[in-house]
1. Is it the case that some residue within the range 32-39 is more than 13 Å from residue 13 (Cβ to Cβ) and either of a type in the set (Asp, Glu) or exposed (fewer than 15 other Cβ atoms within 10 Å of the Cβ) (or both)?
2. On the given criteria, is residue 80 in a strand (DSSP E or B), at pLDDT 95 or above, buried (at least 16 other Cβ atoms within 10 Å of the Cβ) and under 17 Å from the mean Cα position of the chain (by Cα)?
3. Hey, any hits in the range 28-49 for a residue that's charged (D, E, K, R) and over 18 Å from the mean Cα position of the chain (by Cα)?
4. One residue is enough: does the range 61-77 have a residue meeting the conditions at pLDDT 95 or above, under 20 Å from residue 19 (Cα atoms) and not in a loop (DSSP other than H, G, I, E, B)?
5. Going residue by residue through the range 54-64, is there one that turns out to be closer than 27 Å to residue 123 by Cβ and surrounded by 12 or more Cβ atoms within 10 Å (Cβ to Cβ)?
6. Report the residue count in the range 26-47 for those that are aliphatic (A, V, I, L, M) and touching a Leu at 6+ places or on another chain (Cβ under 8 Å).
7. Does any residue of the range 13-23 turn out to be at pLDDT 95 or above, in contact with a helix residue (DSSP H, G or I) (Cβ under 9 Å, 6 or more places away or on another chain) and surrounded by 12 or more Cβ atoms within 10 Å (Cβ to Cβ)?
Amino acid sequence: MAQIVDGTKNYEFRKYYLRPSVKRIWFYRTAPHSSITHVCETLSARMRSSGDLPLEENGLGNAEFNSRHKDWEGYDFAYKMVTVCELRRPITLKEMKEKHGFKLAPRGLVYLPKSVSDSIDLNQQKLEE
C-alpha cells in the first residue's frame, strides 16, 4: 500500500476485468490493520491484448506489464490510480461484518455493498499527494 500512497506504483495490476461501473478500488489491509484503509479512484482497464498503447514506464511494474514478463503472466488488466485517499477512520472488519453484511474478511476481488460507499464522504478524507 505504501508504494501506491507514495506514487511509486501508479497502476494496480489484476488478472480480471472489473465491471465498467467500478470507479474506485477500496483496499482492505490484512492484520494488523484488518480494515479498509484507502480508496483509489481509477480509470477503465488498460489491457495488453486489446491493442491499447503500452503504459508509461514511470511506475513500479509498468515495464514488466508491457514486456509480458513471465512473473506477470495473466495480469492482463492495469488500473491507473488517479487519486489516493486515506480514510480518516478506517472501516474495520468488525464494522464490515456488523454494518455491511460481510461474513469473512475480503480476499481477492469483492464488490462492496453500496452501504460501504454510502457511509464514507470521500471529500472528507485525506487526499494523498
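The values are calculated or read from the model by the stated rules, or taken from the named source; none is laboratory data. Here the structure is a predicted model, which means the values were calculated and not measured. Positions of Cβ are generated from backbone atoms using ideal geometry, with glycine treated the same way; all protein chains shown enter the neighbour counts.
1. yes
2. yes
3. Checking the range 28-49: at least one residue is charged (D, E, K, R) and over 18 Å from the mean Cα position of the chain (by Cα).
4. Looking for residues that are at pLDDT 95 or above, under 20 Å from residue 19 (Cα atoms) and not in a loop (DSSP other than H, G, I, E, B), one finds at least one in the range 61-77, hence yes.
5. The answer is yes, given that some residue of the range 54-64 is closer than 27 Å to residue 123 by Cβ and surrounded by 12 or more Cβ atoms within 10 Å (Cβ to Cβ).
6. Total satisfying the criteria: 3.
7. Yes, there is a match, as at least one residue in the range 13-23 is at pLDDT 95 or above, in contact with a helix residue (DSSP H, G or I) (Cβ under 9 Å, 6 or more places away or on another chain) and surrounded by 12 or more Cβ atoms within 10 Å (Cβ to Cβ).
Per-residue answers, yes or no, for (1) assigned to a loop (DSSP other than H, G, I, E, B); (2) hydrophobic (A, V, I, L, M, F, W, C):
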residue	(1), (2)
20	yes, no
31	yes, yes
36	no, yes
41	no, no
49	yes, no
89	no, no
